[in-house]
1. Out of all the residues in the stretch 43-57, which are farther than 18 Å from LEU330 by Cβ and part of a loop (DSSP other than H, G, I, E, B)?
2. Is there a residue in the stretch 23-31 that is within 16 Å of ligand 2 (Cβ to nearest atom) and under 25 Å from GLN214 (Cβ atoms)?
3. Which residue is surrounded by the fewest Cβ atoms within 10 Å (Cβ to Cβ), if the candidates are limited to the stretch 1-42 and must be in a strand (DSSP E or B) and within 16 Å of ligand 1 (Cβ to nearest atom)?
4. Answer with yes or no whether PHE226 is within 16 Å of ligand 2 (Cβ to nearest atom), under 17 Å from the mean Cα position of the chain (by Cα) and of a type in the set (Phe, Trp, Tyr).
5. What pairs can you find where one residue is in the stretch 383-395 and touching a residue at least 24 places away in the same chain (Cβ under 8 Å) and near ligand 1 (Cβ under 6 Å from one of its atoms), the other is among the β-branched types (Val, Ile, Thr) and outside any helix (DSSP H, G or I), and their Cβ atoms are less than 9 Å apart, with a gap of 6+ or different chains?
6. Mind telling me which of the residues PHE151, PHE72 ends up being farther than 28 Å from ARG247 by Cβ and within 16 Å of ligand 1 (Cβ to nearest atom)?
7. Does GLY68 meet the test of being away from ligand 2 (no atom under 16 Å from the Cβ), surrounded by 19 or more Cβ atoms within 10 Å (Cβ to Cβ) and within 16 Å of the chain's Cα centre (by Cα)?
8. Check whether at least one residue in the stretch 194-201 is over 17 Å from GLN241 (Cβ atoms), surrounded by fewer than 24 Cβ atoms within 10 Å (Cβ to Cβ) and not small (Gly, Ala, Ser), and report yes or no.
Amino acid sequence: MPGDDLSWRRTDCRVCHEETLYPFLDLGTIPPANGFVDTPEADEPAYPLEVVVCETCNHVQLHDTVDGESLFREYHYFSSASSPLIAHFGSYASTIESQYLDDDDFVVEIGCNDGILLNQFGPSIRKLGVDPAENVAETARERGLETITEFFGPDVADRIREDYGQANAICANNVVGHIDDLHGLMTGVDTLLSSDGVFVVEVPYLLDLISNHQFDTIYHEHISYFSIRAFRRLVEQFDMQLSDVNRMAVHGGTIRVHIQRESVDRSPSRTVEDLTSLELAMGFDRPETYDEFATGAERTRTRITTLLNRLNDDETTIVGYGAPAKGNILLNYCDIGPDTLDYIVDTTPAKQGTYSPGMNIPVREPAVFRAEPPDYALLLAWNYRDAILDKEVTFRDNGGRFIIPIPYVDIV
Ligand code: DWN
Ligand code: ZN
């Protein structure tokens, strides 16, 4: 099967290294969620997609690792294509700058994508981006951001420290969950971070994933699904601690964790303890919790396919709205193809004119949606529900309807 040597199965936990992995959901063997292809005849590699929980530290993670070079060196995701994210990262930059930074301080961002965050820090802050995606890093440079086209790790950290000095802040958003070698990451952070510096990380929150049935955010790029308890277990092995944590609505529920050295005289905020207790109260230390989640994914699949089969007759046109990576998981897991969705519309130029991975549904530009409004639009980018429903008010006023797949199947 193509791609065999590009994925391998782990036997130990990526946080505590114990060999106590409990599999609870198998989404099948499918192509990478950002593996958009130029033609439906393209030869698509496919990899097993199974998620496990560690029975020692309860870290939730993928059973298999797919080679990062094949997933991230050429990348179809540009953060700025989702306008709500520009505002999110704007307030992120001003919050971190006012809370932790002085003029002329140095910020490094791991996985800077097109510079959506770093370019919103003030002019007095020295900035450096790190991102392995050659095409996306080029866009960041065109936007004036100094960017290193590398996978962050101990070696890259050594080099940055040598060439630029230590960082007062290191930011990493929607990337720590993408890294197989979490201990290598923390070793690099330990090298690069100044003694009183802060490591700020945003990741989707396991609690929101579980509570809102977000099984479609499980895909090969997302190796880890973080809880506060697992994060604490990871950073304490590097004499660091979670000094604070904020819950955010972005991406269906995100935690922003503030990590500092234990030597920094600052006791963790109450929120860290509160969420730790909440996770235990929700049974994150019990395998049954994850089995129930898996049953929920199957239930959602039945509901979506039953609804689409009922709607999908000759007269009715249905399309996909947004071609997010998560959408391709939903489409492959539910076996929804071009016989159901005429096309998928997306704002990202790099995705337009391609075919979605696996199901090979054509991806088109927004103008098509306006020119030939369908009867129904399956909202694959459900995490931007409010913004998209507002934006497409004319479509709805003219009788168009959105099908919402997550957290509950609904028509609005
Ligand atoms: O972790 C990751 C997150 C941060 O981003 C990556 N592994 C990959 C990616 O995941 P995703 O593709 O599921 O992310 P989004 O941000 O949910 O993608 C939204 C998609 O929808 C983009 O392709 C842009 C598109 N979009 C659109 O067509 N019209 C978005 C909005 C807001 C719109 O109005
Ligand atoms: Zn573990």
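1. ASP43, PRO45, GLU55, THR56, CYS57
2. As a first pass, look at the stretch 23-31 and keep what is within 16 Å of ligand 2 (Cβ to nearest atom): 23-24.
Those still in the list that are under 25 Å from GLN214 (Cβ atoms) too: 23-24.
Yes, because at least one residue in the stretch 23-31 is within 16 Å of ligand 2 (Cβ to nearest atom) and under 25 Å from GLN214 (Cβ atoms).
3. If we filter the stretch 1-42 for residues that are in a strand (DSSP E or B), which is where we start, we get 7-9, 21-30, 37.
From what's left, within 16 Å of ligand 1 (Cβ to nearest atom): 27, 30, 37.
On the way: LEU27: 20, ILE30: 22, VAL37: 16.
Checking each candidate, the answer is VAL37.
4. Working: within 16 Å of ligand 2 (Cβ to nearest atom): yes; under 17 Å from the mean Cα position of the chain (by Cα): yes; of a type in the set (Phe, Trp, Tyr): yes.
Yes.
5. Taking only residues 6 or more apart or on different chains, the pairs are ASN383/ILE406.
6. On the way: PHE72 fails: farther than 28 Å from ARG247 by Cβ.
Of the residues listed, the single one that is farther than 28 Å from ARG247 by Cβ and within 16 Å of ligand 1 (Cβ to nearest atom) is PHE151.
7. Values: away from ligand 2 (no atom under 16 Å from the Cβ): yes; surrounded by 19 or more Cβ atoms within 10 Å (Cβ to Cβ): no; within 16 Å of the chain's Cα centre (by Cα): yes.
Considered against the rule, which asks whether it is away from ligand 2 (no atom under 16 Å from the Cβ), surrounded by 19 or more Cβ atoms within 10 Å (Cβ to Cβ) and within 16 Å of the chain's Cα centre (by Cα), GLY68 comes out as no.
8. No; the residues of the stretch 194-201 include none that is over 17 Å from GLN241 (Cβ atoms), surrounded by fewer than 24 Cβ atoms within 10 Å (Cβ to Cβ) and not small (Gly, Ala, Ser).
The values are calculated or read from the model by the stated rules, or taken from the named source; none is laboratory data. Computed from a predicted model, the values in this text were never measured in an experiment. Virtual Cβ from ideal backbone geometry, glycine too; neighbours counted across all protein chains shown.
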